[in-house]
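Any read-out appearing in this document is the output of simple, stated calculations on the displayed coordinates, not a laboratory observation. Nothing here was measured: the structure is a model prediction, and the numbers come from that model. Positions of Cβ are generated from backbone atoms using ideal geometry, with glycine treated the same way; all protein chains shown enter the neighbour counts.
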Amino acid sequence: DGGITQSPKYLFRKEGQNVTLSCEQNLNHDAMYWYRQDPGQGLRLIYYSQIVNDFQKGDIAEGYSVSREKKESFPLTVTSAQKNPTAFYLCASSMRTGGGETQYFGPGTRLLVL
Amino acid sequence: AQRVTQPEKLLSVFKGAPVELKCNYSYSGSPELFWYVQYSRQRLQLLLRHISRESIKGFTADLNKGETSFHLKKPFAQEEDSAMYYCALIASGSRLTFGEGTQLTVNP
């Protein structure tokens, strides 16, 4: 383990509040990803970034925002517009996108709504 | 668009029995397929990829383009194989698409 870290392990959100999940990697990977994991639905891609200062929407980007100001960091903000934010969030990184690159995953953050 | 389907959400076998986790995909081109595994209290990690044609922890998976399947097989299941397994696909120039996952339980 190591190489890609997520914090906090658990996060609680109040109604109308924005919260930010941290993801850091020291693998010198260009690409980073955010997934949402719900029981019976697998992993769904929220956002991904192929390079610093660039990112693209995934399949379920509504209600989320990201930034990629540094190669090693890809924070995810869950905004108040996300009506069902309770889930397990996984961050991943890979050398590049596509081309069969292995993705390495962080330990995850569980977000709960109060 | 590409899609990955794992028809079994739950699969339970006894130790020493053969196990097969099913994965079907839809994609018109030549995809790259993977199996990822998540053991209890551990991170999601790559188990194997079809392009390597390797056996990892006794598991193998063969890409069947005619049936658009990539089933994961092991002849003799062990208790430590109990985990959540995800089949995943990368289409050319695109990102990884995961199936819904299969929770495998190997009973003693």
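For the reader, a short list of remarks on this structure follows.
- Long-range lysine pairs (8 or more apart or interchain), the protein assembly as shown, Cα under 24 Å: 23
- A compact globular protein would have a Cα radius of gyration near 2.2 N^0.38 Å; the ratio found for chain B is 1.02.
- Loop exposure criterion: chymotrypsin sites (Phe, Trp or Tyr not before Pro), DSSP state outside H, G, I, E and B, at most 15 other Cβ atoms within 10 Å. Applied to chain B, the longest stretch between such sites is B:1-38.
- Legend: P(r) of chain A from all alpha carbon pair distances, 5 Å bins from 0, whole percents, reading 2, 13, 24, 26, 19, 10, 4, 1, 0.
- For B:Leu47, distant residues with modelled amide H under 5 Å away: B:Trp35, B:Tyr36, B:Val37
- Ranking B:Ser52, A:Ser94, A:Met32 by Cα position along the charge dipole of the protein assembly as shown, where only Lys, Arg, Asp and Glu carry charges on their C-beta atoms, puts A:Met32 farthest toward the positive end.
- In the distance distribution for the protein assembly as shown, Cα-Cα pairs more than 21 Å apart total 55 percent.
- Here's how it looks for A:Gly58: its modeled amide H is under 5 Å from those of A:Tyr47, A:Tyr48, which are all 5 or more places away or on a different chain.
- For segment B:7-23, Karplus couplings with θ = phi - 60° (6.51, -1.76, 1.60), whole Hz, Gly/Pro x: x, 9, 6, 10, 9, 10, 9, 9, 3, x, 7, x, 9, 9, 9, 8, 9
- Relative contact order of chain A, pairs being alpha-carbon contacts under 8 Å that are 6 or more residues apart, as %: 34 percent
- For segment B:76-87, the Karplus equation 6.51 cos²θ - 1.76 cosθ + 1.60, evaluated at θ = phi - 60°, returns couplings of 9, 5, 10, 4, 6, 7, 4, 4, 9, 10, 10, 8 Hz by residue, with Gly and Pro reported as x.
- Chain A, dipole about Cα centre (Lys/Arg Cβ +1, Asp/Glu Cβ -1), debye to the nearest 20: 280 debye
- Given chain A, longest segment not containing exposed loop trypsin sites (Lys or Arg not before Pro) (DSSP; at most 10 other Cβ within 10 Å): A:15-82
- Other-chain or far-sequence residues with amide H under 5 Å of B:Ala17's (modelled H): B:Ala77
- 3J(HN,Hα) from dihedral phi, segment B:55-66, Karplus parametrisation 6.51/-1.76/1.60, rounded to Hz, x for glycine, proline: 10, 10, 6, x, 8, 9, 8, 10, 7, 10, 5, x
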